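Here is the structure we will look at.
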Amino acid sequence: MEVHHHAHIPTSREKKWTHYFWEFFMLFLAVTLGFFVENQREHFIEHKRETAFIKTLAEDTRNNIADLRKGIEGFQLFNKHTDSLILLLKDTRNIEKNAKAIYQQAVWLHYYYKITYFDRTIGQLRNSGNFRLIRKKNVSLGIMDFDGGITNLITMQNLFVFQNKEKMLDMSNGIFKTSVAKNWLINENWNWHAAELPEAPYYLTTEKEKIDRFINQLHHYSMITTRFIG
């Protein structure tokens, strides 16, 4: 008769403490590795988002620089014609004789250029609280300084430049016949030589007081635009 001996399975009381230690260690290791992998995955995603923001921010910056250059050139051109117009208007004794030259400068009072702020990326960073994605603090601060500077520039444009331009145009409409500017804008593609004289009388008024006040307003507007682009 054969006798079978069953293998002895140790009970929980009989397990060594090292067995529990290794079970705990393996569980701890699995949780730690899982946390590490998830943390690295989040860092990878945020780094990709940061790279995407920097790319579109660079595009916006190039557009802003190009637009600012056009704006500066436009205001400089405007001021050039304004200075010429002031000299012609000061020669009050020859105002009728110089009517052609005066209108060729006066049409530029209707020249219009608006500086635009391309802020799609900065707007997203600002409104969604994603400035934290820009890891280099000096870069993040530089972006915020740039945003503040351009925002102030646009505010100055809207509150001072455009309002004073409207005032200047209101005064010019009381002196010049705007049909000349209308035809110039529509047909001549900003060619100042193409401005034609209206039918006589050439002006709505040549009253010296009104002309002097208009010249003063031209000086004022030229001062504002010079400060604006400076």
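Quick notes on this one:
- Full extension of the chain segment joining residue 65 with residue 205 gains 46.2 nm, where the gain is 0.36 nm per residue of separation less the Cα-Cα distance.
- Segment 128-230 shape via C-alpha gyration tensor axes, a/c threshold 1.5: prolate
- Legend: residue pairs 48/137; 100/177; 90/114; 114/177; 97/165, Cα-Cα distance threshold 21 Å; pairs beyond threshold, 90/114; 114/177; 97/165.
- Counted residue by residue at 0.36 nm each, then reduced by the alpha carbon distance between them, the extension gain from residue 56 to residue 186 reaches 43.1 nm.
- Net charge of the neighbourhood of residue 202, taken over other residues with C-beta under 13 Å away and scored Lys/Arg +1, Asp/Glu -1, is 0.
- Förster radius 25 Å - calculated FRET efficiency between residue 72 and residue 138 (Cβ-Cβ, nearest 0.05): 0.35
- In segment 85-136, the convex hull through the Cα atoms has an average projected area of 6.6 nm², a quarter of its surface area.
- Size of electric dipole in segment 40-161: Cβ of Lys, Arg +1 and of Asp, Glu -1, about Cα centre, debye, nearest 20: 200
- In terms of Cα atoms, the Rg and Dmax of segment 79-199 work out to 21.6, 68 Å.
We did not get these values from a lab; they are worked out from the coordinates using the rules stated. Note that the structure is predicted; figures quoted are calculated from it, not measured. Using ideal geometry, Cβ is built from the backbone for each residue, glycine included, and neighbour counts are taken over all protein chains shown.
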